[in-house]
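This report concerns only the one structure given below.
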Amino acid sequence: MKNVFKVALLAAGLFAAADTHAQVAEKAGRGIDKGAKAVGKGAKAVGRKTSEIASKGASAVVDKKYDSKVGPGGQTIYIDKNSSYYYVNKKGHRIYVKESELKNKPM
């Protein structure tokens, strides 16, 4: 009878240890997922900033800068080869605007 009790106690201990191990592994997995998401967000932010800087640099070299006007949000305005007005947003994309949407540059 003592042996049956010992085996039952040992089995209960093993099940508890396995359950605890599974919970720890699950929590660690969630930590890995959170870390991966954070790295992904950081990489996306770095990529967007790089794109923005590259686009602004290319625009400054290739296109003419409109000195007396700014965009709707105070952005620097460039004039391309087709005499179209645009600014570069935070993702590095060109946003074309009408001349009527431009504002005078504050002095």
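Assorted remarks:
- Selection count, the stretch 80-96, where residues are crowded, with 16+ Cβ neighbours inside 10 Å and more than 26 Å from the chain's Cα centre (by Cα): 1
- The residue pairs whose first member lies in the stretch 52-79 and is farther than 11 Å from residue 102 by Cβ and free of Cβ contacts under 8 Å to residues at least 60 places away in the same chain, whose second member is of a type outside the set (Lys, Arg) and assigned to a helix (DSSP H, G or I), and whose beta carbons are closer than 9 Å, counting only pairs six or more residues apart or on different chains, are 65/59; 76/59; 76/60; 78/59; 78/60; 78/62.
Values quoted throughout were computed directly from the atomic coordinates according to the rules given, and no laboratory measurement underlies them. Note that this is a predicted model, so its numbers are computed, not measured. Note that we place each Cβ from the backbone using ideal geometry, even for glycine, and neighbour counts take in every protein chain shown.
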